[in-house]
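Heads up: the structure comes next, in structure tokens.
The values are calculated or read from the model by the stated rules, or taken from the named source; none is laboratory data. These figures come from a predicted structure and were not determined experimentally. Cβ placement follows ideal geometry from the backbone for every residue including glycine, while neighbour counts extend to all protein chains displayed. Please note that ligands, DNA and RNA were not included when accessible areas were found on the heavy atoms of the full protein model with its side chains. Shrake-Rupley method; radii C 1.70, N 1.55, O 1.52, S 1.80 Å.
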Amino acid sequence: MDQKLEVRTYKRDYPPAHFMFKIESFSLLSKAGMERYETGDFEVGGYKWSLAFYPNGNKDENADGHISLYLVIKETEKLPACWDVNASFKFFVFDHIRDKYLTIEGVDGSSKRFNAIKTEWGFSQLLSLKALKNASNGYRVGDSCMFGAEVFIAKSTFKFERLSMIKCSGNNVMTWKIKDFSKLNEIYYDSEGFDFEESKWTFKLFPKGNRCAKGKSLSLYFMLEETGKLLPSQKLFVQFKLRVRNQIQDSAHAEKTCSGWLTSGEDWGFVDFISLHDLENPVKGYIKSDCLTVEAEILHMSEL
């Protein structure tokens, strides 16, 4: 509860939109020792609410000589974990003489945040008992008075997104062995799918080069074939190393590193990965027994 909210007051003709309650025999409440009264529930914006009424002021908030009134969110156990509700509210006291409603609201009119820690907001000094008992104000007639509330929910369009990178190690190398390499006569070839991190990956290889590298270099690409982890509007950041293995010297592989944001069905790679002159030179060791071995090693990727 918050007794420090600054208030502004004014009168209006029409009643509260959401809730009113009437207190009869007001003077007997203090005599009966009633410190707090909580109304029944009412629903606004898909949430249940009640009002907590202190006829002689909330003593915990040093509100002697005043009426304290608070808006309380109810049935919070039915709300999702880490729930959060933003709402602005107005309180009302009925003026029986003028048939108007004294309206009390926060001076800034801003929303207040209701959550598991803060389930009540309101005013510890809503109205002085002196003002209530003053017959000329019209708030108490025949020892009865009426109070009300309006609640306005601020529907949030807030979206939370998390970016977390993981360093890949272990089972993060995909190997494609291409036999009878010299006999390949198609423009390009796709590998079978490789499973990694709940996604499927493939290679695309142009043995005689693609576009401007045609007849000059081998073109090699790595593709995120499909993944159930991405929404249509999402992308996956991947840093990977493409490699044509040297089958004579294990430390002399042809390697290039690439990184980017991928969507399903999108490939990244190099149009001029390795020159055909070096690739086909038997001394270089990239082709052995007419077999070419290419690899993709995923180094880092974003986690969804």
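In the neighborhood of residue 186, defined by Cβ-to-Cβ distances under 15 Å, what is the net charge if each Lys or Arg adds +1 and each Asp or Glu adds -1? Show your work: numbers first, answer last.
On the way: positive: 179, 183, 204, 208, 214; negative: 180, 190.
Result for the neighbourhood of residue 186: +3.
Of the peptides 54-67, 259-272, the ranking by mean beta-carbon count within 10 Å, highest at the top, reads 54-67, 259-272.
Each of 63, 81, 96 was placed along the dipole of region 60-109 (beta-carbon charges, centred on the mean Cα), and the one lying farthest toward the positive end is 96.
Could you give the size of the charge dipole of region 188-304 about its Cα centre, using +1 on the Cβ of each K and R and -1 on the Cβ of each D and E, expressed in debye and rounded to the nearest 20?
Working: 14 positive and 18 negative charges, 106 e Å.
So the dipole magnitude of region 188-304 works out to roughly 520 debye.
Which one of 131, 276, 171 is farthest out on the positive end of the charge dipole of the chain, using unit charges on Cβ (Lys, Arg +1; Asp, Glu -1) and the Cα centre as origin? The listed residue farthest towards the positive side: 131.
Counting only protein heavy atoms and using a 1.4 Å probe, what share of the accessible area of the chain belongs to carbon plus sulfur, as a whole percent? Could the numbers behind the result be given before it?
Details: 7990 of 16570 Å².
Whole-percent figure for carbon plus sulfur exposure: 48.
Between the entries (i) 36.4, 110; (ii) 30.2, 98; (iii) 20.2, 68, the label attached to Rg and Dmax of the Cα atoms in Å calculated for this structure is (i). Here the Debye sum runs over all C-alpha atoms of region 40-88 as equal scatterers in vacuum, and log10 of I(q)/I(0) at q = 0.19, 0.27, 0.28, 0.29 Å⁻¹ comes out as -0.72, -0.97, -1.00, -1.04. Taking the alpha-carbon distance from residue 155 and a cut-off under 13 Å, which aspartates and glutamates remain once sequence neighbours fewer than 8 residues away in the same chain are dropped? Partners found: 84. With viscosity 1.567 mPa s and temperature 4 °C, the Kirkwood radius over alpha carbon pairs of region 124-222 converts through Stokes-Einstein to a diffusion coefficient of 60 µm²/s. Our Cα-only numbers for region 220-292 put the radius of gyration and Dmax at 15.4, 47 Å.
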